1. Quick check: anything in the range 34-56 within 17 Å of the chain's Cα centre (by Cα), modelled with pLDDT of 85 or more and assigned to a helix (DSSP H, G or I)?
2. The conditions are (1) loosely packed, with under 10 Cβ neighbours inside 10 Å; (2) modelled with pLDDT of 90 or more, and residue 15 fails exactly one of them. Which is it?
């Protein structure tokens, strides 16, 4: 059950086809759920995120 197997999910991905083991509806539904969940989390994070201070960087001393 690898890339050459027409009935497995890995074989479908490799071949670029869809079917019972890799349905388009399931993939689209999963992507839609993750996008909407990501947007909700992003809006909450923007409202709660504290202001960050700029980091100080070490500067090389001039060679004399």
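The values are calculated or read from the model by the stated rules, or taken from the named source; none is laboratory data. None of the values given here were measured: they were computed from a predicted structure. Glycine gets a Cβ as well: all are built from the backbone with ideal geometry, and neighbour counts include every protein chain shown.
1. yes
2. So the condition that residue 15 fails would be (1).
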